[in-house]
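Reading through the structure tokens given below for one structure.
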Amino acid sequence: MAEPVRLQKAIAHAGLMSRRAAEDVIAAGRVTVDGRKAILGDRVDVELQVVAVDGAILPVNPENLTLLLYKPVGVISTADDPQGRKTVVDLVGSETRLYPVGRLDADSEGLILLTNDGLLADRVTHPRFGVRKKYLVEVEGTVSSSSARQLTTGIKLDDGMARALAARLVDTNRNRSLVEVVMGEGRKREVRRMMEAIGHPVRRLVRTAIGPIADTTLSPGQWRALRPQEIASLFAEATIE
């Protein structure tokens, strides 16, 4: 168990603002601890208590680690694989035991989070919190405007209706089209099955953003730690709808 510290110190340690600025937001009544409005002089146990500024939960536990990885094609989005295939955890080689947040099928590539923060993982993966995932999808054939609209109006799949939150045609020619799709849930191979249902099998699928988190500098197999501000922004976006 960690030693309780001054609340303003915990907020400053999270990297979001200076200690003086933290004192100001506490005095303004904008900070809560376990749902209770905080006051100057409060101390918090950073491992056990939940601190929020303007409703956004702070990543104050120093034991938590969250990485952003560009998953290459062929790598499995699990912590381990009985068949001995390479996993996302193998790629980062962290001494801290991490778990992938959500899934990205082996044939797809792009951004995925790995973390030991169970609260963050729940907020990012559960549809009720509304953290959106953005994909760039290359498909066969020319996608019409009406087909793109069908992605947002809803498509019946074997496991129920599927609906994109947004979809737009980025580029198209006679042989292939690029479509940007924003999803609020992540059923197994959902985007691929939606595209197949409208007659356009997927050639390549790349996840380009997880909520507010994006990074165009990462190449397949590369990763980096999320900054405290980025973690806070994920919590800020995770609001129950």
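A few remarks follow.
- Consider segment 153-171 and keep the residues that are surrounded by fewer than 17 Cβ atoms within 10 Å (Cβ to Cβ) and closer than 14 Å to Val139 by Cα. The one that is farthest from the chain's Cα centre (by Cα) is Asp171.
- Pairs are defined by a Cβ separation below 6 Å, a sequence spacing of at least 6 or placement on different chains, a first member in segment 76-97 that is polar (S, T, N, Q), and a second member that is in a loop (DSSP other than H, G, I, E, B) and open to solvent by less than 40 Å² (accessible area, probe 1.4 Å); the pairs so defined are Ser77/Leu104; Thr87/Asp81.
- Only one entry in Leu91, Leu48, Leu58 is at pLDDT 85 or above and among the aliphatic types (A, V, I, L, M), namely Leu91.
Per-residue answers, yes or no, for (1) under 20 Å from the mean Cα position of the chain (by Cα); (2) among the hydrophobic types (A, V, I, L, M, F, W, C):
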residue: Gly41; (1), (2): no, no
residue: Leu65; (1), (2): yes, yes
residue: Lys71; (1), (2): yes, no
residue: Gly74; (1), (2): no, no
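- Strands (runs of 3 or more DSSP E) contained in segment 27-132 and holding at least 2 residues open to solvent by less than 20 Å² (accessible area, probe 1.4 Å), touching a Leu at 6+ places or on another chain (Cβ under 6 Å) and aliphatic (A, V, I, L, M): 66-71, 109-115
- Residue match in segment 196-212 (condition: at positive phi, of a type in the set (Lys, Arg) and crowded, with 16+ Cβ neighbours inside 10 Å): no
- Failed condition for Glu23, given (1) of a type in the set (Asp, Glu); (2) assigned to a loop (DSSP other than H, G, I, E, B); (3) farther than 20 Å from Val131 by Cα: (2)
- Selection from segment 217-232 of residues that are out of contact with any strand residue (DSSP E or B) (no Cβ under 8 Å at 6 or more places or on another chain) and modelled with pLDDT of 95 or more: Thr217
- Val143 vs. criteria in a loop (DSSP other than H, G, I, E, B), within 23 Å of Ala232 (Cα to Cα) and touching a residue at least 24 places away in the same chain (Cβ under 8 Å): no
- Selection within segment 1-20 - open to solvent by 90 Å² or more (accessible area, probe 1.4 Å) and outside any helix (DSSP H, G or I): Met1, Glu3, Arg6
- Filter pass, Arg203 being charged (D, E, K, R), part of a helix (DSSP H, G or I), touching a strand residue (DSSP E or B) at 6+ places or on another chain (Cβ under 6 Å) and in contact (Cβ under 8 Å) with a residue 24 or more places away in the chain: no
- Residues in segment 219-241 that are in a loop (DSSP other than H, G, I, E, B), open to solvent by 20 Å² or more (accessible area, probe 1.4 Å) and closer than 30 Å to Val50 by Cβ: 4 in all.
- Leading residue by the ranking (farthest from Thr216 (Cα to Cα)) among those in segment 62-93 that are hydrophobic (A, V, I, L, M, F, W, C) and in contact with a Ser or Thr (Cβ under 9 Å, 6 or more places away or on another chain): Ala79
The values are calculated or read from the model by the stated rules, or taken from the named source; none is laboratory data. Only a predicted model underlies this, so the values are computations on that prediction, with no experimental measurement involved. Every residue, glycine as well, gets a Cβ built from its backbone with ideal geometry; the counts of neighbours run over all protein chains shown. Accessible surface is based on the protein model in full, side chains and every heavy atom, while ligands, DNA and RNA are left aside. Shrake-Rupley method; radii C 1.70, N 1.55, O 1.52, S 1.80 Å.
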